[in-house]
Each structure stands twice: as structure tokens, then as C-alpha cells.
Amino acid sequence: MSGNLVECRGLTKSYGGLKALDNVNLTIGSGKIVGILGPNGSGKTTMIKIMNGLLKPNAGEVLIDGEKPGVYTKSIISYLPDRMYFADWMTVEDLMSFFADFYKDFDREKAGKMCSRLGISSKQKVKTLSKGTKEKVQLILVMSRHAKLYLLDEPIAGVDPAARDYILDTIISNYNTDATVIISTHLISDIEKILDEAVFICNGQIMRHDTVDDIRETTGMSVDSLFRTEFRTVPYQGGRDNVR
Amino acid sequence: MEWRLTDDRPIWIQLTEQLTERIVSGTYPMGEKLKSVRDLASEAGVNPNTMQRALSQLDAKGLTETGRSTGRCVTGNGEILARVRTELARGKIRDFLKGMEVLGFSEHEIMELLKGENME
């Protein structure tokens, strides 16, 4: 495929006086797993929401597969929000029908198989699922679409390390190789092994965009250590500087 | 066999090394078909593109071959395997000798020690 799958030009978004994104330029190709990495409040979720058309930027534009967010882009983007949005009276089965209704590219059989492999009964109600299981179900649904772009906002934040491994494995074994997966997270060490590229974002600006191999080769550090070094904040010393 | 990945070096290099070890040691036997890129990636918990890059290195060294219908197999060429295996062993010996030199051992002392060390 030629061209870029995601292209952000001069994206700016403010909430009141707060600049969440500040002139972001970013291009991402096809067939990649890309991590958007940044501390809390750095603009990760805002960027993802603009990409899938949930938010409008104040300035700049984003093109997904050459088009502005709209009906077409929604049909090729599979989005995992940072919080759960399913009605809790629904059963897992209901959720699957819901997805099958909404998305032509939803592979119900695949979703069913993944759920049963995890021992999740399709008759179970969302209400009765644990937080971790809910997140797994949500990810299974999102990854069971044959999308071109998967936008996963904090997919591993709320689950234990074993479930994290399961989730990461689900991501690597279920995206097709010409699709791109964008994962936002601050839990870098857990995901860096599955990333092609890392985008560092801080205060709404892109600080770095490189392949993970390049980062390791040029710095001799893992992406996680580099992140910790670049974003280290000096703890407040209780104003000791002023003490004579 | 576990995949051991450390933080300080590119992952593809580490994967290449460990795949090579598995091949020359016979863990992946001569002529045998390898698992798919995706399965290997999932086993090691890495990105499929990274695993692909490591496997291309093996192809380049002649340790693996990709047939049109067979997928990627370990080479059936024993000479290549023997050569790479010896190269790796030489590397380990050089590291060992360097370490012994740091400790101030002479060649003679090293040989004596090695003889005394029973290979159980």
C-alpha cells in the first residue's frame, strides 16, 4: 500500500485555557504496531479521539487512509475506548450481536472462540464480570473486527500481569499484517516488545518518534528506561533551596 | 525453551542469536519446518515484524531456507550448521580466555584447570 494510513497536520486542541495538543504533526504507515507513550495528561486520549472523529481539533487536520474522519474512516477503525461503555444488563452474547449489527467486518465466530478459550460464558451478564474480564471481552470484540486501523486507548491499564500477557498476545496474533495498531499507554515496559515504533508525547507535543530498534541501538536503553530518563521530574524538596 | 530478552539491545538481534542457538544445537532439527512468523512472535511475546527481521537474518546466513510451498525450514546443509556452530563455540572460548587473562592465568594453568574440571 502506498501513502500513510494516519496523517496528522498541525493538530491543536484546547480545553478552555488548557492546550491538550499543540501543533502535532505525525504520520504512521500501514502494518505497524505503534505505541503512543506519555505521562498522565499528556494528550494521548485527545489524540486518539481526534483520529476517530470523537473530537474536533481547533486547528489542523487528520487524515485516515487519505480521508477526514467520517463514515468511511469509522468503517475502517476499530476503537477501544479508555473506559467501558457497554450496558451492564447485556450478556456477552448480546454484545456480540451488537457488534455484528454495527460492523460489517465483525467476525463473530472468532470472538466466540476467544471468549470460550478464556472460559467466559456467552450467557454471562456484563454486570457479573470482573473488571479484568470486562476489559478482555471488550478487547476481544475490538480485535475481532477486520479493521485497517485499531486504536487502543490504555488496553492494559486495569488488568493483572497475566491478563496483560493474554491481551498483548491477543493483539499480536489477531491483527492482520497490513493493518496498523496504535496503542496508547504509560505502561511502557509491558508493551515495548510488541511495538515497531514509539511516539513520545508530553504536554501535547511530540517529543520523539522512532522505531524501537533504533532507540535501543542509538541509546543502548530500552524505550522504558529512555522514557523514565526523559520525563524524570525532580521531586519537590520541601523548599529546602531557600533554607540557609 | 524460554526466550530471554534484555533491555539494553535491539530485540531482533537477541532473537537472531537465540534462533541461531536453537538451530545449531538441534532444538530445531535439520531440515525441519519452523513455526510461522506469527506463532514464533506470539511465543516470544514480540512484534511479528521484529521476528520477521530476525528470521531474514537466518535466511541470509543460510541457516534457514524458504521454499515456495514448504514455508521456512532449517537448512539441510550440515556444513553450514557445523560452521556456524564452530564459530559460536570459538566466540565463547575467546570470551572465556579473556576472562581468565583478567584473572592472571597463564595458558598452562588454564589447561591444567580445564583437565581437572571433570565434565560430568
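The values are calculated or read from the model by the stated rules, or taken from the named source; none is laboratory data. Keep in mind that what you see is a predicted model, and the values were worked out from it rather than measured. Glycine gets a Cβ as well: all are built from the backbone with ideal geometry, and neighbour counts include every protein chain shown. With ligands, DNA and RNA removed, areas are computed over all heavy atoms of the protein, side chains included. Shrake-Rupley method; radii C 1.70, N 1.55, O 1.52, S 1.80 Å.
For this structure, a couple of remarks:
- Scope region B:1-23; condition open to solvent by 20 Å² or more (accessible area, probe 1.4 Å) and over 15 Å from the mean Cα position of the chain (by Cα); matching residues: B:T6, B:D7, B:D8, B:R9
- Residues being modelled with pLDDT of 90 or more and touching a Gly at 6+ places or on another chain (Cβ under 8 Å) - total across region A:104-134: 0
- Qualifying positions in region B:24-71 - in contact with a Pro (Cβ under 6 Å, 6 or more places away or on another chain) and surrounded by fewer than 18 Cβ atoms within 10 Å (Cβ to Cβ): B:R38
- Considering region A:135-244, the qualifying strands (runs of 3 or more DSSP E), each wholly inside and each with 3 or more residues that are closer than 24 Å to A:D107 by Cβ and at pLDDT 85 or above, run over A:149-153, A:180-185.
- Residue within region A:216-225 that is open to solvent by less than 10 Å² (accessible area, probe 1.4 Å) and away from every other protein chain (no Cβ under 12 Å) present: no
- Once region A:119-156 is narrowed to residues that are among the small types (G, A, S) and without any contact (Cβ under 8 Å) to a residue 60 or more places away in the chain, the residue that is nearest to the other protein chains (Cβ to nearest Cβ) is A:S144.
- One residue from A:E109, A:E61 being in contact with a Lys or Arg (Cβ under 8 Å, 6 or more places away or on another chain) and either loosely packed, with under 15 Cβ neighbours inside 10 Å or among the β-branched types (V, I, T) (or both): A:E61
- Checked against (1) in a helix (DSSP H, G or I); (2) out of contact with any helix residue (DSSP H, G or I) (no Cβ under 8 Å at 6 or more places or on another chain); (3) within 14 Å of chain A (Cβ to nearest Cβ), B:A54 meets all criteria but (2).
- Picking from residues in region B:1-19 that are assigned to a helix (DSSP H, G or I) and farther than 19 Å from A:D210 by Cβ, the one that is nearest to the other protein chains (Cβ to nearest Cβ) is B:L15.
- Unique match (being open to solvent by 40 Å² or more (accessible area, probe 1.4 Å), within 30 Å of A:W89 (Cα to Cα), within 11 Å of chain B (Cβ to nearest Cβ) and of a type outside the set (F, W, Y)) among A:D160, A:D165, A:D190: A:D165
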